[in-house]
There are 2 protein chains.
Amino acid sequence: MYDVIPIGRVRSSLVHRAAAPMQGNEGAPDARLVFDPQYHDAVCDLRAGDEILVLTWLHQSDRSVLRVHPRDDLAAPLRGVCSTRSPDRPNPIGIHRVRILAVEAPLEFTVAELEAIDGTPIIDVKPVLDRARER
Amino acid sequence: MYDVIPIGRVRSSLVHRAAAPMQGNEGAPDARLVFDPQYHDAVCDLRAGDEILVLTWLHQSDRSVLRVHPRDDLAAPLRGVCSTRSPDRPNPIGIHRVRILAVEAPLEFTVAELEAIDGTPIIDVKPVLDRARER
(Lines give C-alpha, C1' and ligand atoms only; values in the text may rest on other atoms or scores of the structure.)
Protein backbone atom coordinates (compact mmCIF):
# COMPACT_ATOMS: atom_id res chain seq x y z
CA MET A 1 0.00 0.00 0.00
CA TYR A 2 1.23 3.49 -0.84
CA ASP A 3 0.26 6.99 0.29
CA VAL A 4 -1.02 9.39 -2.35
CA ILE A 5 -0.60 12.99 -1.24
CA PRO A 6 -2.74 15.71 -2.86
CA ILE A 7 -0.62 18.44 -4.43
CA GLY A 8 -3.59 20.76 -5.01
CA ARG A 9 -7.35 20.97 -5.53
CA VAL A 10 -9.81 21.58 -8.33
CA ARG A 11 -11.94 24.71 -7.97
CA SER A 12 -15.09 24.43 -10.08
CA SER A 13 -18.69 25.50 -10.35
CA LEU A 14 -19.51 21.78 -10.33
CA VAL A 15 -20.37 20.92 -6.76
CA HIS A 16 -22.31 17.66 -6.93
CA ARG A 17 -21.05 14.48 -8.50
CA ALA A 18 -24.52 13.76 -9.91
CA ALA A 19 -24.38 16.96 -11.97
CA ALA A 20 -20.89 16.39 -13.37
CA PRO A 21 -20.60 15.31 -17.02
CA MET A 22 -18.98 11.92 -17.54
CA GLN A 23 -16.26 13.37 -19.77
CA GLY A 24 -14.83 16.86 -20.11
CA ASN A 25 -16.09 17.26 -23.67
CA GLU A 26 -19.67 16.57 -22.63
CA GLY A 27 -20.35 20.07 -21.38
CA ALA A 28 -17.91 20.43 -18.50
CA PRO A 29 -17.11 23.97 -17.40
CA ASP A 30 -13.74 25.64 -17.29
CA ALA A 31 -12.20 25.21 -13.86
CA ARG A 32 -9.20 26.24 -11.79
CA LEU A 33 -6.28 24.12 -10.59
CA VAL A 34 -4.90 25.46 -7.31
CA PHE A 35 -1.65 23.94 -6.06
CA ASP A 36 -0.17 23.84 -2.60
CA PRO A 37 2.81 26.20 -2.10
CA GLN A 38 5.30 23.41 -1.41
CA TYR A 39 4.79 22.13 -4.96
CA HIS A 40 5.61 25.45 -6.63
CA ASP A 41 8.79 24.12 -8.21
CA ALA A 42 6.91 21.14 -9.71
CA VAL A 43 4.35 23.30 -11.55
CA CYS A 44 6.49 26.36 -12.29
CA ASP A 45 6.99 25.50 -15.97
CA LEU A 46 3.29 25.04 -16.85
CA ARG A 47 2.20 27.65 -19.39
CA ALA A 48 -1.01 28.89 -21.01
CA GLY A 49 -1.65 26.74 -24.09
CA ASP A 50 -0.10 23.58 -22.64
CA GLU A 51 -2.08 20.37 -23.11
CA ILE A 52 -1.83 18.40 -19.89
CA LEU A 53 -3.13 15.31 -18.19
CA VAL A 54 -4.51 16.15 -14.77
CA LEU A 55 -4.61 13.16 -12.44
CA THR A 56 -7.13 13.42 -9.65
CA TRP A 57 -8.24 11.33 -6.70
CA LEU A 58 -12.00 10.92 -7.16
CA HIS A 59 -12.63 11.21 -3.45
CA GLN A 60 -16.38 10.54 -3.54
CA SER A 61 -15.99 7.17 -5.25
CA ASP A 62 -17.00 3.77 -3.94
CA ARG A 63 -13.79 1.75 -3.94
CA SER A 64 -15.56 -1.58 -3.37
CA VAL A 65 -17.16 -1.54 -6.84
CA LEU A 66 -15.66 -4.03 -9.33
CA ARG A 67 -18.43 -4.13 -11.97
CA VAL A 68 -20.77 -1.40 -13.21
CA HIS A 69 -23.43 -0.69 -15.78
CA PRO A 70 -21.46 1.47 -18.27
CA ARG A 71 -22.52 5.11 -18.22
CA ASP A 72 -25.10 4.30 -15.52
CA ASP A 73 -27.30 2.63 -18.15
CA LEU A 74 -29.09 -0.08 -16.20
CA ALA A 75 -30.07 -1.76 -19.47
CA ALA A 76 -26.41 -2.32 -20.32
CA PRO A 77 -24.79 -5.52 -19.02
CA LEU A 78 -22.52 -5.26 -16.00
CA ARG A 79 -18.90 -4.72 -17.01
CA GLY A 80 -15.61 -4.95 -15.11
CA VAL A 81 -14.57 -1.44 -14.04
CA CYS A 82 -11.18 -1.81 -15.76
CA SER A 83 -13.09 -1.87 -19.06
CA THR A 84 -14.94 1.34 -18.17
CA ARG A 85 -14.17 4.90 -17.05
CA SER A 86 -16.37 4.55 -13.96
CA PRO A 87 -15.17 6.72 -11.06
CA ASP A 88 -16.15 3.83 -8.76
CA ARG A 89 -13.15 1.48 -8.80
CA PRO A 90 -10.50 0.14 -6.39
CA ASN A 91 -8.13 3.09 -6.88
CA PRO A 92 -10.32 6.01 -8.00
CA ILE A 93 -7.81 7.92 -10.09
CA GLY A 94 -9.22 10.29 -12.71
CA ILE A 95 -7.30 11.20 -15.86
CA HIS A 96 -8.43 14.46 -17.47
CA ARG A 97 -6.91 15.84 -20.64
CA VAL A 98 -7.26 19.61 -20.58
CA ARG A 99 -5.67 22.74 -22.01
CA ILE A 100 -4.32 25.50 -19.78
CA LEU A 101 -6.18 28.69 -20.67
CA ALA A 102 -4.42 31.06 -18.30
CA VAL A 103 -1.89 31.23 -15.50
CA GLU A 104 -3.70 33.34 -12.88
CA ALA A 105 -0.92 33.18 -10.30
CA PRO A 106 2.16 30.99 -9.79
CA LEU A 107 -0.02 28.32 -8.17
CA GLU A 108 -3.33 28.89 -9.99
CA PHE A 109 -4.22 27.79 -13.52
CA THR A 110 -7.48 28.04 -15.43
CA VAL A 111 -8.15 25.01 -17.62
CA ALA A 112 -10.83 24.22 -20.20
CA GLU A 113 -13.63 21.66 -19.80
CA LEU A 114 -12.83 19.75 -16.62
CA GLU A 115 -15.48 17.35 -15.33
CA ALA A 116 -14.08 16.99 -11.79
CA ILE A 117 -16.12 18.54 -8.99
CA ASP A 118 -15.05 21.36 -6.69
CA GLY A 119 -12.58 20.19 -4.07
CA THR A 120 -11.33 17.15 -5.97
CA PRO A 121 -7.71 16.47 -4.95
CA ILE A 122 -5.11 16.83 -7.71
CA ILE A 123 -2.41 14.18 -7.41
CA ASP A 124 -0.31 14.75 -10.53
CA VAL A 125 -0.01 16.75 -13.75
CA LYS A 126 1.83 15.42 -16.81
CA PRO A 127 2.41 16.91 -20.25
CA VAL A 128 0.66 15.30 -23.18
CA LEU A 129 3.28 13.72 -25.43
CA ASP A 130 2.97 14.46 -29.13
CA ARG A 131 3.04 10.90 -30.31
CA ALA A 132 0.22 9.02 -31.91
CA ARG A 133 0.28 6.26 -29.31
CA GLU A 134 0.26 8.68 -26.38
CA ARG A 135 -3.52 8.79 -25.94
CA MET B 1 -3.71 11.50 2.16
CA TYR B 2 -5.16 8.41 0.49
CA ASP B 3 -4.12 4.76 0.30
CA VAL B 4 -3.36 3.33 -3.12
CA ILE B 5 -3.69 -0.45 -3.13
CA PRO B 6 -1.91 -2.46 -5.84
CA ILE B 7 -4.33 -4.63 -7.82
CA GLY B 8 -1.57 -6.57 -9.56
CA ARG B 9 2.05 -6.51 -10.74
CA VAL B 10 4.01 -6.15 -13.96
CA ARG B 11 6.08 -9.18 -14.95
CA SER B 12 8.84 -8.19 -17.34
CA SER B 13 12.32 -9.02 -18.52
CA LEU B 14 13.24 -5.45 -17.50
CA VAL B 15 14.70 -5.74 -14.04
CA HIS B 16 16.67 -2.55 -13.50
CA ARG B 17 15.27 0.94 -13.78
CA ALA B 18 18.44 2.16 -15.44
CA ALA B 19 17.89 -0.26 -18.34
CA ALA B 20 14.22 0.63 -18.90
CA PRO B 21 13.38 2.78 -21.92
CA MET B 22 11.79 6.12 -21.10
CA GLN B 23 8.69 5.37 -23.18
CA GLY B 24 7.12 2.11 -24.35
CA ASN B 25 7.76 2.86 -28.02
CA GLU B 26 11.48 3.31 -27.41
CA GLY B 27 12.26 -0.40 -27.45
CA ALA B 28 10.34 -1.69 -24.45
CA PRO B 29 9.64 -5.44 -24.40
CA ASP B 30 6.28 -7.14 -24.25
CA ALA B 31 5.34 -7.84 -20.65
CA ARG B 32 2.70 -9.53 -18.55
CA LEU B 33 0.09 -7.97 -16.28
CA VAL B 34 -0.78 -10.30 -13.40
CA PHE B 35 -3.73 -9.32 -11.22
CA ASP B 36 -4.62 -10.34 -7.70
CA PRO B 37 -7.55 -12.81 -7.49
CA GLN B 38 -9.81 -10.45 -5.56
CA TYR B 39 -9.85 -8.10 -8.57
CA HIS B 40 -11.02 -10.77 -11.02
CA ASP B 41 -14.39 -9.09 -11.57
CA ALA B 42 -12.71 -5.75 -12.35
CA VAL B 43 -10.54 -7.16 -15.17
CA CYS B 44 -12.85 -9.91 -16.47
CA ASP B 45 -13.93 -7.96 -19.56
CA LEU B 46 -10.43 -7.15 -20.84
CA ARG B 47 -9.83 -8.81 -24.21
CA ALA B 48 -6.97 -9.38 -26.66
CA GLY B 49 -6.79 -6.39 -28.98
CA ASP B 50 -7.99 -3.87 -26.38
CA GLU B 51 -6.04 -0.63 -26.15
CA ILE B 52 -5.69 0.24 -22.49
CA LEU B 53 -4.06 2.69 -20.13
CA VAL B 54 -2.15 0.86 -17.42
CA LEU B 55 -1.58 2.99 -14.34
CA THR B 56 1.36 1.93 -12.21
CA TRP B 57 3.00 3.03 -8.99
CA LEU B 58 6.63 3.67 -9.91
CA HIS B 59 7.86 2.26 -6.63
CA GLN B 60 11.57 3.02 -7.13
CA SER B 61 10.99 6.73 -7.62
CA ASP B 62 12.28 9.59 -5.51
CA ARG B 63 9.17 11.43 -4.35
CA SER B 64 11.10 14.46 -3.08
CA VAL B 65 12.10 15.54 -6.60
CA LEU B 66 10.28 18.65 -7.90
CA ARG B 67 12.57 19.64 -10.81
CA VAL B 68 14.61 17.48 -13.19
CA HIS B 69 16.77 17.68 -16.25
CA PRO B 70 14.37 16.34 -18.93
CA ARG B 71 15.33 12.88 -20.20
CA ASP B 72 18.33 12.91 -17.84
CA ASP B 73 20.10 15.36 -20.14
CA LEU B 74 22.27 17.38 -17.77
CA ALA B 75 22.73 20.02 -20.47
CA ALA B 76 18.99 20.71 -20.50
CA PRO B 77 17.71 23.30 -18.03
CA LEU B 78 15.95 22.07 -14.89
CA ARG B 79 12.22 21.78 -15.40
CA GLY B 80 9.29 21.32 -13.03
CA VAL B 81 8.36 17.62 -12.94
CA CYS B 82 4.73 18.42 -13.86
CA SER B 83 6.09 19.55 -17.25
CA THR B 84 7.98 16.27 -17.72
CA ARG B 85 7.31 12.53 -17.65
CA SER B 86 9.97 11.95 -15.01
CA PRO B 87 9.22 8.96 -12.77
CA ASP B 88 10.65 11.00 -9.89
CA ARG B 89 7.74 13.20 -8.71
CA PRO B 90 5.56 13.64 -5.60
CA ASN B 91 3.07 10.92 -6.58
CA PRO B 92 4.97 8.56 -8.90
CA ILE B 93 2.10 7.31 -11.03
CA GLY B 94 2.99 5.92 -14.45
CA ILE B 95 0.56 5.97 -17.38
CA HIS B 96 1.32 3.43 -20.08
CA ARG B 97 -0.75 3.05 -23.22
CA VAL B 98 -0.49 -0.55 -24.40
CA ARG B 99 -2.38 -3.12 -26.45
CA ILE B 100 -3.41 -6.46 -24.98
CA LEU B 101 -1.81 -9.18 -27.13
CA ALA B 102 -3.22 -12.22 -25.35
CA VAL B 103 -5.25 -13.31 -22.36
CA GLU B 104 -3.10 -16.07 -20.87
CA ALA B 105 -5.41 -16.82 -17.95
CA PRO B 106 -8.29 -14.94 -16.28
CA LEU B 107 -5.80 -12.86 -14.29
CA GLU B 108 -2.85 -12.76 -16.73
CA PHE B 109 -2.54 -10.60 -19.83
CA THR B 110 0.36 -10.16 -22.23
CA VAL B 111 0.74 -6.57 -23.46
CA ALA B 112 2.97 -4.94 -26.05
CA GLU B 113 5.86 -2.58 -25.36
CA LEU B 114 5.65 -1.78 -21.66
CA GLU B 115 8.54 0.18 -20.14
CA ALA B 116 7.76 -0.62 -16.48
CA ILE B 117 10.20 -2.89 -14.67
CA ASP B 118 9.45 -6.31 -13.22
CA GLY B 119 7.47 -6.10 -9.99
CA THR B 120 6.00 -2.65 -10.63
CA PRO B 121 2.61 -2.41 -8.86
CA ILE B 122 -0.40 -1.95 -11.13
CA ILE B 123 -2.95 0.39 -9.57
CA ASP B 124 -5.56 0.77 -12.32
CA VAL B 125 -6.43 -0.14 -15.90
CA LYS B 126 -8.71 2.01 -18.05
CA PRO B 127 -9.90 1.66 -21.64
CA VAL B 128 -8.61 4.15 -24.18
CA LEU B 129 -11.50 6.27 -25.36
CA ASP B 130 -11.82 6.71 -29.12
CA ARG B 131 -12.02 10.47 -29.12
CA ALA B 132 -9.50 12.87 -30.50
CA ARG B 133 -9.07 14.68 -27.17
CA GLU B 134 -8.57 11.43 -25.23
CA ARG B 135 -4.81 11.35 -25.62
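The values are calculated or read from the model by the stated rules, or taken from the named source; none is laboratory data. Owing to the predicted nature of the structure, the values given are computational and were not obtained by experimental measurement. Cβ sites come from the backbone with ideal geometry, for glycine too, and all protein chains shown count toward neighbours.
Below is a table of values for the structure above.
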| read-out | value |
| --- | --- |
| Pair list, Cβ under 6 Å, 6 or more apart: the range B:119-132 residue under 17 Å from residue B:32 (Cβ atoms) and facing chain A (nearest Cβ under 7 Å), other residue at pLDDT below 95 and part of a loop (DSSP other than H, G, I, E, B) | none |
| Any hit, the range B:107-114, residues being among the acidic types (Asp, Glu), surrounded by 14 or more Cβ atoms within 10 Å (Cβ to Cβ) and away from chain A (no Cβ under 11 Å) | yes |
| Per-region count, the range B:29-78, residues of a type in the set (D, E, K, R), under 19 Å from residue A:55 (Cα atoms) and within 11 Å of chain A (Cβ to nearest Cβ) | 2 |
| Residues (hydroxyl-bearing (Ser, Thr, Tyr) and either at the interface with chain B (Cβ under 8 Å from one of its Cβ atoms) or at positive phi (or both)) located in the range A:84-102 | A:84 |
| Meets criteria (touching a strand residue (DSSP E or B) at 6+ places or on another chain (Cβ under 6 Å), closer than 18 Å to residue B:119 by Cα and of a type in the set (S, T, N, Q)) for residue B:12 | yes |
| Some residue of the range B:19-26 being among the aliphatic types (A, V, I, L, M) and facing chain A (nearest Cβ under 10 Å) | no |
| Residue within the range A:79-100 that is over 30 Å from residue B:34 (Cα atoms), surrounded by fewer than 21 Cβ atoms within 10 Å (Cβ to Cβ) and out of contact with any Leu (no Cβ under 7 Å at 6 or more places or on another chain) present | yes |
| Residue within the range B:44-59 that is without any contact (Cβ under 8 Å) to a residue 40 or more places away in the chain, under 20 Å from residue A:88 (Cβ atoms) and not in a helix (DSSP H, G or I) present | yes |
| Conditions (1) modelled with pLDDT of 95 or more; (2) closer than 27 Å to residue B:59 by Cα: number failed by residue A:111 | (2) |
| Scan of the range A:1-18 for residues that are outside any strand (DSSP E or B) and in contact (Cβ under 8 Å) with a residue 24 or more places away in the chain, ordered by number | A:5, A:6, A:7, A:12, A:13, A:14, A:15, A:16, A:17 |
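Residue-by-condition table, conditions (1) hydroxyl-bearing (Ser, Thr, Tyr); (2) in a helix (DSSP H, G or I); (3) closer than 21 Å to residue B:86 by Cα:
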| residue | (1), (2), (3) |
| --- | --- |
| A:42 | no, yes, yes |
| A:74 | no, no, no |
| A:87 | no, no, no |
| A:99 | no, no, yes |
| A:102 | no, no, no |
| A:109 | no, no, no |
| A:114 | no, no, no |
| A:119 | no, no, no |
| A:126 | no, no, yes |
